[in-house]
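One structure below.
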Amino acid sequence: METGQTVTPLPLWNIVVIAAIAAGIQFGWALQLSLLTPYVQTLGVPHVWAAFIWLCGPISGLVVQPIVGYSSDRCTSRIGRRRPFIAAGACFVAVAVFMIGFAKDIGHRSGDSLQNPTKPRAVAIFVTGFWILDVANNMLQGPCRAFLADLSSNDHKRMRIANAWFSFFMAVGNVLGYAAGSFSGLHKLLPFTQTTACDVYCANLKTCFIIDIVFLLSITITAITTVKETPITRKEAGDEEDNEGRSSGRAFFAELVMAFKTLKKPMWILLLVTCLNWMAWFPFLLYDTDWMGAEVYGGKVKGSASQQKLYDEGVRAGALGLMINSIVLAFVSLGLEPVSRL
């Protein structure tokens, strides 16, 4: 995303408020990581196929963020070039989370049998919602980071502070999400979530996602209504393209290829390290709670009542471990910037 638009430096609280959106994004992401791999198996999806559902994350990140970034840089909306995408992304997240949380109920009403271990309609709704969620998360996160860069007014120190706050609120969202995932009695706050098609585990997940919807929308509405953005004109959007030697008719992906061709060797090394880091980290995130439930606690998703209980306890213990990891991340996020100046 381009962040070259010159704006007058605003008070630090503007940066903090926009960065706080990361807490709402990461709240739902933490719920995904801790609960959805075990949950999808209750719908009848074999364990080996669960990873294929998660492919939407890398694919949407590869495709959606660059497209949204390109469009956001040239958006001439009267409310600004970042806020429309932030608002739309938050709304899509809310819709997707609702579909995931209520997949069993909607599937049952559509004809899924309670006796059949595989629930095809619920699976279809879940997978659709899951893919929409990852696309919406990428649609929301990119413009948030670009908005922070705009608010930093090309001040490198201010940008480091903005990134530190964004990372801090990501950690806060993780803590809240993993804490919610580790608590087995959360459904008691919303008793209506437990239905004929949705057992206690499902009701807990549904309650977590309802809280996530309210939390994210509250933060997003507060952020985009309190922090104003100066819109750009069509002429300014055209000037940005001209200054970079671009023509408005040039294909976006051709520009993306050109950008890669101009990268220096240190940047390629940095990208390679990031790639290898995520290759190692992502499998752990996908299966850690499932591994705790099945291997450490010796439970089964579809075993006897006692085996199901052990599996559930293991999943929540795994979520608790991830919460502790996120607490450490929160402290490191705020401490890294001042330490880097030493």
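The values are calculated or read from the model by the stated rules, or taken from the named source; none is laboratory data. Predicted, not measured: the structure shown is a model, and the values here were computed from it. Every residue, glycine among them, receives a Cβ derived from its backbone with ideal geometry; neighbour counts consider all protein chains shown. Side chains are part of the model used for accessible areas, which takes the heavy atoms of the whole protein and leaves out ligands, DNA and RNA. Shrake-Rupley method; radii C 1.70, N 1.55, O 1.52, S 1.80 Å.
Within the option set V214, V227, V172, being at negative phi and open to solvent by 50 Å² or more (accessible area, probe 1.4 Å) holds for one residue only, V214. Scan the stretch 104-111 and tell me whether some residue there is at pLDDT 90 or above, open to solvent by 20 Å² or more (accessible area, probe 1.4 Å) and within 30 Å of T225 (Cα to Cα). Scanning the stretch 104-111 turns up no residue that is at pLDDT 90 or above, open to solvent by 20 Å² or more (accessible area, probe 1.4 Å) and within 30 Å of T225 (Cα to Cα).
For the stretch 30-86, filtered to residues that are within 19 Å of M292 (Cα to Cα) and among the polar types (S, T, N, Q), the residue that is surrounded by the most Cβ atoms within 10 Å (Cβ to Cβ) is S34. Hey, could you check the stretch 300-328 for residues that are among the charged types (D, E, K, R) and in contact with a helix residue (DSSP H, G or I) (Cβ under 7 Å, 6 or more places away or on another chain) and say which is least open to solvent (accessible area, probe 1.4 Å)? For the stretch 300-328, the residue satisfying everything is R316.
Of everything in the stretch 112-163 that is open to solvent by 10 Å² or more (accessible area, probe 1.4 Å) and among the hydroxyl-bearing types (S, T, Y), the residue that is nearest to C75 (Cα to Cα) is S153. Within the stretch 285-308, residues that are under 20 Å from L31 (Cβ atoms) sit with their Cβ atoms under 6 Å from residues that are assigned to a loop (DSSP other than H, G, I, E, B), at 6+ positions apart or across chains, in these pairs: L286/W54; G293/G299. Note down all Cβ pairs under 7 Å where the first residue falls in the stretch 83-97 and is more than 12 Å from G142 (Cα to Cα), the second is open to solvent by 10 Å² or more (accessible area, probe 1.4 Å) and of a type outside the set (A, V, I, L, M), and they're at least six residues apart or on different chains. Note: pairs meeting the criteria are P84/C75; P84/S77; V93/N137.
Looking at L62, L176, which is the one that is free of Cβ contacts under 8 Å to residues at least 24 places away in the same chain and under 16 Å from the mean Cα position of the chain (by Cα)? Being free of Cβ contacts under 8 Å to residues at least 24 places away in the same chain and under 16 Å from the mean Cα position of the chain (by Cα) holds for just one of L62, L176, which is L62. Going by the structure shown, is F282 surrounded by 15 or more Cβ atoms within 10 Å (Cβ to Cβ), modelled with pLDDT under 80 and at negative phi? Considered against the rule, which asks whether it is surrounded by 15 or more Cβ atoms within 10 Å (Cβ to Cβ), modelled with pLDDT under 80 and at negative phi, F282 comes out as yes.
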